[in-house]
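The values are calculated or read from the model by the stated rules, or taken from the named source; none is laboratory data. Keep in mind that what you see is a predicted model, and the values were worked out from it rather than measured. Don't worry about glycine lacking a Cβ; one is built from the backbone with ideal geometry, like all the others, and counts go over all protein chains shown.
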Amino acid sequence: MNNVKPTNKFPDYLNPSEPIHGTTTVSLRYKDGVLIAADNRASAGYMVASPRAKKLHVLAKSTAMSIAGMVSDAQYLVQLLRAEINLFELNRNRPMPTKMIGNLLASVMYGQYRSFMPYYVGPILAGVDEEGKYVFSMDPSGSITNEPFTSTGSGSPFALGVLEAMFEENMTEKQAKKVILLALRSAIKKDIATGDGIDLLVITLDGIKKVNLDEIKTILGDKYPFPQ
């Protein structure tokens, strides 16, 4: 009897060391606020799971979050944060500051990490409050740092290269939009798990505005990475 074991191996979807999912999310601060952007492709290995994935989620008036990693974990965290933010505003009769939202998310992720069942996500939490502008970079262990710019996902090395070269403090909104879109474009061109579309949010103390597709095309011009 043949005792040779089959060599085919199914991907371990619970092992975060295997890059079976991919995306690119990017955020940076500028003179009057912060920007956060993401592509629209959801992948599973070499398969495009969806070309219309929503990776940017509004949490509060001037706070948004991008998701990268396991979708179910990320969606749960978005719903949890929205519920906690609503409860805070009902109890305190004031908005929950972005800095507090970031620390809440970090605490939730750290607690789960210490239980040996971490959330397999790499979120960016971006926003503006009365105390400042925030681009919080996080990992599954619950670490949190406020950066001038950051990127997560499989295409992040390509995006970070552009950001390192082009980012400047106190850019205008127009300058910042071009930098973040060129960073995301670099990931779209080089990373097979990034693509299918671009979402971009502008966050200020006045609220959150989604940049329409026509403006994105105008900013990128002939560098727009998709067929027109």
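So here's what we get for this one:
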read-out: Wholly enclosed strands (runs of 3 or more DSSP E) of the range 60-178 bearing at least 2 residues more than 30 Å from G45 (Cβ to Cβ) and not aliphatic (A, V, I, L, M); value: 124-129, 132-138, 144-146
read-out: Given (1) modelled with pLDDT of 95 or more; (2) crowded, with 22+ Cβ neighbours inside 10 Å, index of the condition F167 fails; value: (2)
read-out: Residue list for the range 112-127, filter: surrounded by fewer than 19 Cβ atoms within 10 Å (Cβ to Cβ) and of a type in the set (A, V, I, L, M, F, W, C); value: F116, M117
read-out: Close pairs from the range 21-39: first closer than 11 Å to K177 by Cα, partner of a type in the set (F, W, Y), Cβ under 6 Å, at least 6 apart; value: L28/F149
read-out: Top-ranked residue of the range 27-49 - restricted to ones that are farther than 22 Å from K61 by Cβ and either among the basic types (K, R) or touching a Phe, Trp or Tyr at 6+ places or on another chain (Cβ under 9 Å) (or both), ranked as surrounded by the fewest Cβ atoms within 10 Å (Cβ to Cβ); value: A44
read-out: Residue check, V211 out of contact with any Lys or Arg (no Cβ under 6 Å at 6 or more places or on another chain), within 23 Å of R52 (Cα to Cα) and of a type in the set (A, V, I, L, M, F, W, C); value: yes
read-out: Neighbours by Cβ (under 8 Å, 6+ apart or cross-chain): first from the range 122-144, under 18 Å from L205 (Cα atoms); second acidic (D, E); value: V135/E147; F136/E147
read-out: Subset of the range 181-228 [touching a helix residue (DSSP H, G or I) at 6+ places or on another chain (Cβ under 8 Å), among the polar types (S, T, N, Q) and touching a residue at least 60 places away in the same chain (Cβ under 8 Å)]; value: T194
read-out: Failed item, numbered, when L200 is tested on (1) under 21 Å from F226 (Cα atoms); (2) surrounded by fewer than 22 Cβ atoms within 10 Å (Cβ to Cβ); value: (2)
